[in-house]
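Have a look at the structure below before the remarks.
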Amino acid sequence: MRFVPNGLARAAVRFKPASFVGTFVALLMASLIVSACGILLETGLRASVPAERYAHAPVVAAADQYEYVVTGSGEDREEEAVPLPDTARVDAGLVDRAARAPGARAAVADFSFPVRGGDGALTGHGWGSHAFTGTALASGSAPRGGEVVLDADTARTAKAGVGDTIVLETAA
């Protein structure tokens, strides 16, 4: 009897090629799934979004961005979290209550809104929340009605300086 390495595997490929191809495809797909899961796991472990705007705020309160829908009852009861189509906001009256909380030095409402200026989209914020950004005005003064403060990059892009008029569009 003669020993032929991989004789059984060669015979399987020769006489049943569909089984070989099916096994190969199954192993290929399994390795792709395991690799994708590993990549997702590694991304989840290493990825972090650093705090920017609220980095210096000791406490941030925000509204829940989901609506909870309950269906069924008893053992068949299910609760599903559905993302809201627009940003949920915290009631403005809560700022006064938070300011009166024991140990609170101040409470500031920050409202954000989309702004279009020139050829780019920006995000506008209420002036009061600048206290938590860790930034200060480089020139000019705090804005009054009808005025805005731009960061240095946005001002440079718009070719605007202190006192200049720029056109911004909001939903209102």
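The values are calculated or read from the model by the stated rules, or taken from the named source; none is laboratory data. Computed from a prediction, not measured in an experiment: that's the story for all the values here. Heads up, the Cβs are rebuilt from the backbone with ideal geometry, glycines too, and the neighbour counts pull from every protein chain shown. Accessible surface areas use protein heavy atoms only, side chains included; no ligands, DNA or RNA. Shrake-Rupley method; radii C 1.70, N 1.55, O 1.52, S 1.80 Å.
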Inset, instruction - Find, among the chymotrypsin sites (Phe, Trp or Tyr not before Pro) in region 108-156, those assigned to loop by DSSP (not H, G, I, E, B) with at most 14 other beta-carbon atoms within 10 angstrom. - result: 111
Inset, instruction - Give me the percent of the accessible area of the chain that comes from carbon and sulfur atoms, probe 1.4 Å, all protein chains in place. - result: 59
Inset, instruction - At most 15 other Cβ atoms within 10 Å and a DSSP loop assignment: could you name the trypsin sites (Lys or Arg not before Pro) in region 57-120 that fit? - result: 77, 89, 100, 105
Inset, instruction - Starting from the alpha-carbon convex hull of region 94-172, give the projected area averaged over all orientations, in nm². - result: 6.4
Inset, instruction - Read through the labelled values (i) 17.1; (ii) 23.2; (iii) 18.4 and report the label of the one computed as Kirkwood radius over Cα pairs in Å from the structure. - result: (ii)
Inset, instruction - Return the whole-Å distance between the Cα centroid of region 113-171 and the Cα centroid of region 40-83. - result: 30
Inset, instruction - Could you provide, to the nearest whole Å², the per residue accessible area of region 43-159 with probe 1.4 Å? - result: 81
